[in-house]
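Derivation of every value follows stated rules applied to the coordinates shown; laboratory data play no part. Note that the structure is predicted; figures quoted are calculated from it, not measured. Backbone-built Cβ (ideal geometry, glycine too); neighbour counts: all protein chains shown.
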Amino acid sequence: MNLDLLLKSGVLPDGSKADIAISDGVIVAIETDINSEAGETIDISGNLVSPPFIDPHFHMDATLSYGQPRINKSGTLLEGIALWGELKPLLTEEAVIERALAYCDWAVSMGLLAIRSHVDTSDEHALTGVRGLLAVRDLVKPYLDLQIVAFPQDGFYRAPKAREITIAALDMGVDIVGGIPHFERTMQDGRRSVTELCELAAERGLMVDMHCDETDDPMSRHIEQLTYEAQRLGLQGRVAGSHLTSMHSMDNYYVSKLLPLMAEAEVAAIPNPLINITIQGRHDTYPKRRGLTRVREMLEYGITVAWGQDCVLDPWYPLGTADMLDVAFMGLHVAQMTSRSEMRHCFDMVTTETAKIMGFDDYGLEKGKRASLVVLDAGDPIEAIRLRPDRLLVVSKGKIVARRSRTDTTLELPGRPSVVNRRFTRKTTG
Ligand code: FE2
């Protein structure tokens, strides 16, 4: 066996140790003690090796635009949308591509190798972003999978041209049908938009991923219509509701009816904890609602739930680093998922669970799967969430795309070790 790359003694997410042999972009063996010749052999002993991180919810047309043309003073979703409306006419395709590529560089360095990005399709100005992201999808394809969602940010019916432009974007090759029913003029229009957009997806054989009920209004129940349409149109397993923050405030009896219907229709959920905890509850005094959807309850019903990042340095969010472990860390806290099994599942919610939503069937650390992975300076998935550690090695489609050496801290304390192991385990070195 002549290998391209051989990784020795990695710790897999399930705690077992294995060597990983890679050839022609595929994992050809994953077992203990592989001793074949390889173009490069790397000892990763003691380090967690995971399939790459995946972000199921992002806005790449807006990323890294923070401060253009001004900063969101109120911090609300609505001011963010208004601010984006001011920026849109100023966009150029070159600037969109330049920002998106810079973000993808950050993503690769963090072991984030697949992203589902919404792209605004509300008006002609937004088409600049559509063209830009379609170009970026091709440019990054050798190392990063970008799925693009047609997203009529200003309302599929509410914005005069959004319906036409959304359909045009799908014709141009955008992958997935999005929507924003809670932003339409009426509940009724929101419901109609869900129906028409799901029908569009069914006709074209596309997946659906809607911003759905991103509000604190307990009566915002568009997830019900989305679930109904998934069932009616045979879209089971191909529909996701993003945010679903109104569910936080819904009546408990109503939710007890809703969740089994979501499970039956195989509708997935994508909460975005960094953004939900920042944006929701802004109209509350105290007690102030968290606004995160009911993650643990959905998991109990067997609904697939994956953490999304949503925003990095854009009109809605002033921070972010493309690190899906930051997202899992925040989600774990806000959803109070602190048991060992829940913390462990939070790691899956930025890796394997997300792969299910994205429809990837060649994902995972198994023989015959695509050779994409990340090596972390941590011993296991829970430690990875605790530390958000260095990504020591990132491999995409069989090729090394990022390397980093461990960062330790040199101490200057009398009578103490000179180096602190930045893993923050009890073991110190030096
Ligand atoms: Fe979003």
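Okay, here's what the table says:
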| item | result |
| --- | --- |
| Two-site label geometry, ILE382 and THR407: point separation in nm, points 7 Å out along Cα→Cβ | 2.6 |
| Residue-span extension gain [ILE400 to MET187] - 0.36 nm each, minus C-alpha spacing | 71.8 nm |
| Residue-wise HN-Hα coupling along the stretch 300-307, computed from phi with Karplus coefficients 6.51, -1.76, 1.60 (Hz; x: Gly, Pro) | 4, 8, x, 6, 6, 10, 10, 6 |
| Three-way shape call for the stretch 53-358 based on the alpha-carbon gyration tensor, with the a/c threshold at 1.5 | rounded |
| Cα centroid of the stretch 209-264 to Cα centroid of the stretch 324-360, whole Å | 20 |
| For the stretch 5-45: rounded, prolate or oblate by the Cα gyration tensor [a/c cutoff 1.5] | prolate |
| Extension reserve of the ASP24-SER45 stretch, reckoned as 0.36 nm per residue once the Cα distance is removed | 5.2 nm |
| Extension reserve of the LYS257-HIS333 stretch, reckoned as 0.36 nm per residue once the Cα distance is removed | 24.7 nm |
| Within-12-Å neighbourhood charge of MET250 [Cβ basis; K, R +1; D, E -1] | -2 |
| Per-peptide average of other Cβ atoms within 10 Å, ordering 393-403, 408-418, 370-380, 305-315 highest first | 305-315, 370-380, 393-403, 408-418 |
| Per-residue [θ]222 nm for the chain (sum of -39500 (n - 2.57) over DSSP H runs n ≥ 4, rounded to 500) | -10500 deg cm²/dmol |
| Amide H partners (placed H, <5 Å) of GLN153, local residues excluded | THR121, SER122 |
| Beta bridges by DSSP in the stretch 53-358, antiparallel share as percent, to the nearest 5 | 5 |
| Spin-label model distance (nm) - GLU264 vs SER16, 7 Å beyond Cα toward Cβ | 3.8 |
| Degrees, to the nearest 10: 77-87 long Cα axis against longest axis of the chain | 90 |
| Residues with amide H under 5 Å from that of ALA268, placed H, sequence gap 5 or more | VAL239, ALA240, GLY241 |
| Model label zone, ASP217; criterion: amide N under 18 Å from point 7 Å along Cα-to-beta-carbon; scope the stretch 174-204 | 179-195 |
| Tilt relative to the chain, helix 252-264 - C-alpha long axis, 0 to 90 degrees, to 10 | 70 |
| Integer Hz, Karplus 6.51/-1.76/1.60 couplings in order for the stretch 400-413, x for Gly and Pro | 5, 10, 7, 9, 8, 8, 4, 9, 9, 10, 7, 9, 10, 10 |
| For the stretch 53-358: lysine pairs under 28 Å (alpha-carbon distance), excluding those fewer than 8 apart on one chain | 7 |
| C-alpha long axis of helix 187-204 to longest principal axis of the chain, angle in ° | 60 |
| Three-way shape label, the stretch 204-347, alpha-carbon gyration tensor, a/c 1.5 | rounded |
| Rounded to whole Hz, the Karplus (6.51, -1.76, 1.60) HN-Hα couplings of the stretch 288-296, x for glycine and proline | 9, 5, 6, x, 6, 5, 8, 5, 4 |
| Residue order, fewest to most surrounding Cβ atoms within 10 angstrom, among LEU127, LEU7 | LEU127, LEU7 |
